[in-house]
Amino acid sequence: MSIDNFIWVPAGSRNDNNIGFRKYKSWAEMCAAEAPTAIPHQAFLAHQHLVDEQYFFEDPEDARWFWTDGYKERLYLDNEGAPMPYDRMALWIGGEEVATRGYKESDNVAAEANSVPTAEPGGAAGTLDFDL
């Protein structure tokens with residue numbers, strides 16, 4: 001069983017801790033509240049096979065920041081307060097998947113952040129399906 005969250009990330013969130021992410025339990029609820037005209041910048045984060053989170057960014061730079069650093073604040077903590085590993089992540093910029101990664105059972109969360117997303121030439125990466 002998976003708990004799915006749809007999270008709206010307003011522009012500028014990477015530079016302002018007062019701008020909060022807004023979480024919704026359904027795609028329809030998020031679209032009704034935020035009324036996006038397009039959502040080409042996204043990040044997917046799966047936690048421990050139980051929680052899938054899809055982040056929708058107004059600004060592509062916020063999405064890139066989330067890919068490299070921002071996701072670390074969204075990881076669950078274990079009983080000792082250490083971040084638990086994620087299962088997998090994906091990043092879309094401009095409607096194209098530009099990067100994916102899995103945790104690969106590593107104990108070093110910081111090592112995973114060293115992967116820099118790059119789009120494949122000619123749009124070889126997959127595109128999003130908005131019928132969630």
(message) With θ taken as phi - 60° and the coefficients 6.51, -1.76 and 1.60, list the Karplus ³J(HN,Hα) couplings across the range 62-68 in order, rounded to whole Hz; mark glycine and proline as x.
(response) 5, 5, 5, 4, 4, 4, 8
(message) Could you tell me the ratio Rg/Rh of the range 10-65? Both radii from Cα atoms, Rh via Kirkwood.
(response) 0.96
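Where a number appears in this text, it was derived from the coordinates with a stated rule and is not lab data. Being a predicted model, the structure only gives us computed values, none of them experimental.
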